[in-house]
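Chemist: Take a look at this one; I'll ask things after.
Read-outs: derived from the displayed coordinates by stated rules, not from any lab. The structure displayed is predicted, hence computed values, not measured ones. Here the Cβ positions follow ideal geometry from the backbone for every residue, glycine too, while neighbour counts run over all protein chains shown.
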Amino acid sequence: MSEQVDDQILKYFREGNQQEAFKLLMNTYQQRIYWQIRRILISHEDTDDVLQNTLIKIWKGLPAFKGDSKLFTWIFRIASNETFTFLEKNKKHSGHIDLDECYQFSGTSSDHIDGSFIQQKLEQALLQIPEKQRMVFHLKYYEDLKYTEISEILGTSVGALKANYHLAVKKIEEFIKTD
């Protein structure tokens with residue numbers, strides 16, 4: 001289904017039907033990109049800023065998209081790069097995590113968060129692991145991507161991804177057991 005939608009987006013775009021291409025792109029990817037970014041940045045305001053930059057880059061980059069990868073992979077790569085760029089620019093502030101916002105985020109309603117105690121513990125544990133591990137965990141666990149797809153998105157070897165995912169799972173398990 002996703003590849004058919006991606007093909008339709010590209011078809012609309014190449015045929016000059018920008019409005020339909022944009023509408024389909026937003027309907028298909030905006031929420032998924034938002035949650036990919038949000039699970040790393042936590043803050044709704046920061047996520048909105050990065051999402052806006054990401055969507056602009058995607059739209060401006062569409063004419064140059066060559067199809068060497070799936071559109072989905074290309075889009076998530078841009079979102080990942082924008083997220084990491086934001087984190088680098090704001091590194092001096094990243095040591096401060098607003099716990100109220102974290103707990104509010106843990107209870108947020110979404111397709112993935114049902115408010116259960118275990119889910120809240122998982123979300124809190126995710127806040128404790130490094131951004132790279134959080135991103136790998138998100139793409140593998142929530143997006144259910146294969147390591148090869150994550151490798152294309154993050155530009156990292158499959159072996160390094162497996163190690164990051166394993167470390168993330170281990171840290172999450174430890175957090176849930178000890179808390």
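Chemist: Hey, with R₀ at 25 Å, roughly what FRET efficiency would residue 23 and residue 57 work out to, going by the Cβ-Cβ distance, to 0.05? Present the calculation step by step, with values, prior to reporting the outcome.
Modeler: Values: r = 18 Å, r/R0 = 0.74.
Computed FRET efficiency for residue 23 and residue 57: 0.85.
Chemist: Could you list, in their original order, any pairs among 132/162; 23/140; 140/162 whose Cα atoms are separated by more than 21 Å? Show your work: numbers first, answer last.
Modeler: Working: 132/162 12 Å; 23/140 27 Å; 140/162 10 Å.
Beyond 21 Å between Cα atoms: 23/140.
Chemist: If you don't mind, another one. Can you compute the FRET efficiency between residue 173 and residue 64 using 1/(1 + (r/R0)^6), with r the Cβ-Cβ distance and R0 = 35 Å? Round to the nearest 0.05. Walk me through the numbers before you get to the answer.
Modeler: On the way: r = 42 Å, r/R0 = 1.21.
Efficiency computed from Cβ-Cβ geometry: 0.25.
Chemist: On to the next question. Can you tell me the length gained on complete extension of the stretch residue 142 to residue 88, counting 0.36 nm per residue apart and subtracting the Cα distance? Walk me through the intermediate numbers first.
Modeler: Details: separation 54, 0.36 × 54 = 19.44 nm, distance 2.42 nm.
Result: 17.0 nm gained on full extension.
Chemist: First measure r as the distance between the Cβ atoms of residue 158 and residue 3, then evaluate 1/(1 + (r/R0)^6) with R0 = 30 Å and state the FRET efficiency to the nearest 0.05.
Modeler: Values: r = 22 Å, r/R0 = 0.73.
The calculated FRET efficiency here is 0.85.
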